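**Student:** Can you keep this structure in mind? I'll have questions shortly.
The values are calculated or read from the model by the stated rules, or taken from the named source; none is laboratory data. Note that this is a predicted model, so its numbers are computed, not measured. FYI the Cβ positions are ideal-geometry reconstructions off the backbone, even for glycines, and counts take in every protein chain you see. What goes into the accessible areas is simple: the full protein's heavy atoms, side chains included, and nothing from ligands, DNA or RNA. Shrake-Rupley method; radii C 1.70, N 1.55, O 1.52, S 1.80 Å.
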Amino acid sequence: MVQARIAEVTERIARRSHDARSAYLDRIVKATEQGPARRRLGCANFAHGFAACGIDKGALREGEGPNLAIVTSYNDMLSAHQPFERFPDLIRQAARSVGGTAQVAGGVPAMCDGVTQGEAGMELSLFSRDVIALSTAVALSHQMFDAAVFLGVCDKIVPGLVIGALSFGHLPAVFIPAGPMTSGLPNDEKAKARQLYAEGKVGRDALLEAEAKSYHGPGTCTFYGTANTNQMLMEIMGLHLPGSSFVNPNTPLRDALTIEAAKRALAITALGNEFLPVGRLLDERAFVNGVIGLHATGGSTNHTIHLIAMAHAAGITLTWDDFSDLAEVTPLLCRVYPNGKADVNHFHAAGGTGFLIRELLGAGLLHDDVATIWGGGLDRYTVEPGLDGNGEVVWRDAATASGDTTVLRGAAEPFQATGGLRVLDGDLGRAVIKTSAVAPERHVIEAPAKVFHSQEELQAAFRAGALDQDFIAVVRFQGPKANGMPELHKLMPPLGALQDRGRKVALVTDGRLSGASGKVPAAIHVTPEAAVGGPIAKLRDGDILRLDAVTGRLEIRGIDAEEWAARADATADLAPSHVGVGRELFAAFRHAAGRADAGASIF
């Protein structure tokens, strides 16, 4: 039985969402009742759909078997998505083996925050999620398909694919991961090289060598950022095959899992006996399980935005209060960089998702009575995959004990009693802080504000020696309406260096940091944002701020209400962020974007 607080939050979400969810489910019923859409297409329409299908043309034209859409984020520049080049052929072969067909329905863009970090392109990053959702809808709009598989890994790609899939919620959906790259230079050594470079103690050659040794081959970056949090979420929410998230690319097991996933997608169409549309699978219990998994693993803060947007696409209203309440009852069971020194390969070897899910289920912290693509409840995910003598996938029970308790622990001996995320409230608005990587003695910081309107301004002040003191950096006009809400990771090396010198430092921003949020306390996603007159726009240098992650408060001290109300909002020249590198094309996105605590979505 699920823990009482989790049951309470789940019921609260269901009540709040009742009308929108009911309307959404009605849409699914109506779409399903009409039968496979391609059979209703006109002859010319249908002929266009199979004209270039080669050996599958006859089967698609005459056969009764299911047709599978492949929506792919493949490109060969980005390590996480390069392995997908081979997947369509594997999926087509799998489809043929069970009497079906498969077609690449369309591609979606996949940008890398690692490449655009600190560059102008980062201001398109968050909006790329909604572009991906739109691209997914275009790919599926031909209505040639009975189910879809989605090939995506990184930060905005998986949430965008989920939102797009839910717009076709009457179709089954299976997500197929590519897996993480093998371990390279340890993440803590990479972080040290970055900090030494920021302090001017090593040159660019040394920094580039460290980065190249860390990001060295095909697959996802191995730290536990948004990309790998995505993979955990897809598994704990029942959209991956059990245990498939962290198997390395270009291995026999990875290929076998891809083939098995395609077969499974074809088995759960409306043409068979196990019909499972994705819009029904992703209900309020699945989203609560996702939030629990996020807290238990110390996952990416980006998902305090993405999960809300994903849930909204299914007619479900998820709030930051739900995140906060669930965090209070969820123990932290993982230490993976930036919450520790290990990477996701170490996590997988220590027991991985199968062990994690078993522990959370055993403690009553997950809903077991959920639908999954694998059938049955979530207890079927307490396994790990392997290969038999014929190269076929077999599942065995996951480890009953962690293989490395410095990386992964059971629910009875957590790293900390509550989850790795905290929601902050106060007279500066609402914000999120990731506490799992922050030392407990730094969970409360009270210090004067130093206000900046870009991360470049802060870096310049650091290089000039103007920041060697206790302070809270306020970096504002970084929200979705201002400039697309970029990640601000170039702030971390200088702030980390100052913290290592013994200074009390913290960050307050209406921008993002994501899963790489590290050892510096950071109140991020501040909403309302400065660009729409949020309280953060009133702050001035020297104001005393208090960031309290223990009590969940974000406040200004020593200013009476009358003086505060009389203060004018600061302004910023945002024009340079609205042109160049394609940013001029996204003016409508900036205008339409919602608040961070509502998913920062254009929909």
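**Student:** Just one of (1) hydroxyl-bearing (Ser, Thr, Tyr); (2) open to solvent by 10 Å² or more (accessible area, probe 1.4 Å); (3) touching a strand residue (DSSP E or B) at 6+ places or on another chain (Cβ under 6 Å) trips up residue 135, so point out which.
**Tutor:** Among (1) hydroxyl-bearing (Ser, Thr, Tyr); (2) open to solvent by 10 Å² or more (accessible area, probe 1.4 Å); (3) touching a strand residue (DSSP E or B) at 6+ places or on another chain (Cβ under 6 Å), the lone unmet condition for residue 135 is (3).
**Student:** Then there's this: Closer than 24 Å to residue 179 by Cα and hydrophobic (A, V, I, L, M, F, W, C): does that describe residue 373?
**Tutor:** Values: closer than 24 Å to residue 179 by Cα: yes; hydrophobic (A, V, I, L, M, F, W, C): yes.
Yes: the conditions hold for residue 373.
**Student:** If you scan the range 534-583, which residues turn out to be in contact with a Pro (Cβ under 9 Å, 6 or more places away or on another chain), open to solvent by less than 30 Å² (accessible area, probe 1.4 Å) and of a type in the set (Asp, Glu)?
**Tutor:** 543
**Student:** Now, a different point. Please find, among 48, 81, 18, the residue that is open to solvent by 50 Å² or more (accessible area, probe 1.4 Å) and either within 27 Å of the chain's Cα centre (by Cα) or of a type in the set (Val, Ile, Thr) (or both).
**Tutor:** Sole residue among the options that is open to solvent by 50 Å² or more (accessible area, probe 1.4 Å) and either within 27 Å of the chain's Cα centre (by Cα) or of a type in the set (Val, Ile, Thr) (or both): 18.
**Student:** Where residues in the range 231-272 are among the β-branched types (Val, Ile, Thr) and either closer than 28 Å to residue 36 by Cα or under 24 Å from the mean Cα position of the chain (by Cα) (or both), which of them is surrounded by the fewest Cβ atoms within 10 Å (Cβ to Cβ)? Outline the logic, then answer.
**Tutor:** From the range 231-272, those among the β-branched types (Val, Ile, Thr) are 236, 247, 251, 258-259, 268-269; that's our starting set.
Now restrict to residues that are either closer than 28 Å to residue 36 by Cα or under 24 Å from the mean Cα position of the chain (by Cα) (or both): 236, 247, 258-259, 268-269.
Working: 236: 28, 247: 25, 258: 27, 259: 20, 268: 26, 269: 22.
That would be 259.
**Student:** Given the condition acidic (Asp, Glu), open to solvent by 20 Å² or more (accessible area, probe 1.4 Å) and touching a residue at least 60 places away in the same chain (Cβ under 8 Å), answer yes or no: does some residue in the range 62-69 qualify?
**Tutor:** Yes, the conditions are met somewhere in the range 62-69.
**Student:** Sticking with this one: I'd like to verify a number: residues in the range 553-603 that are outside any helix (DSSP H, G or I), under 29 Å from residue 163 (Cβ atoms) and free of Cβ contacts under 8 Å to residues at least 24 places away in the same chain, how many?
**Tutor:** Counting residues in the range 553-603 that are outside any helix (DSSP H, G or I), under 29 Å from residue 163 (Cβ atoms) and free of Cβ contacts under 8 Å to residues at least 24 places away in the same chain gives 1.
**Student:** Here is a follow-up. Report the residue count in the range 436-495 for those that are outside any loop (DSSP other than H, G, I, E, B), open to solvent by less than 10 Å² (accessible area, probe 1.4 Å) and out of contact with any Pro (no Cβ under 8 Å at 6 or more places or on another chain).
**Tutor:** Of the residues in the range 436-495, 12 are outside any loop (DSSP other than H, G, I, E, B), open to solvent by less than 10 Å² (accessible area, probe 1.4 Å) and out of contact with any Pro (no Cβ under 8 Å at 6 or more places or on another chain).
**Student:** Taking the range 475-511, which residues are at pLDDT 95 or above, among the charged types (D, E, K, R) and under 21 Å from residue 429 (Cβ atoms)?
**Tutor:** 476, 481, 510
**Student:** Among 202, 104, 153, which is open to solvent by 30 Å² or more (accessible area, probe 1.4 Å), touching a strand residue (DSSP E or B) at 6+ places or on another chain (Cβ under 7 Å) and among the hydrophobic types (A, V, I, L, M, F, W, C)?
**Tutor:** Just one listed residue meets the conditions, 104.
**Student:** Applying the selection to the range 355-383, what residues are among the acidic types (Asp, Glu) and surrounded by fewer than 20 Cβ atoms within 10 Å (Cβ to Cβ)?
**Tutor:** 368, 369, 379
**Student:** Further question: Here are 163, 176, 132, 157: which of them is more than 26 Å from residue 582 (Cβ to Cβ), of a type in the set (Val, Ile, Thr) and out of contact with any His (no Cβ under 6 Å at 6 or more places or on another chain)? Steps first, answer last, please.
**Tutor:** Numbers: 163 fails: more than 26 Å from residue 582 (Cβ to Cβ); 132 fails: more than 26 Å from residue 582 (Cβ to Cβ); 157 fails: more than 26 Å from residue 582 (Cβ to Cβ).
Answer to the selection: 176.
**Student:** Among the residues of the range 107-122, write down those that are acidic (Asp, Glu) and either open to solvent by 40 Å² or more (accessible area, probe 1.4 Å) or at pLDDT 95 or above (or both).
**Tutor:** 119
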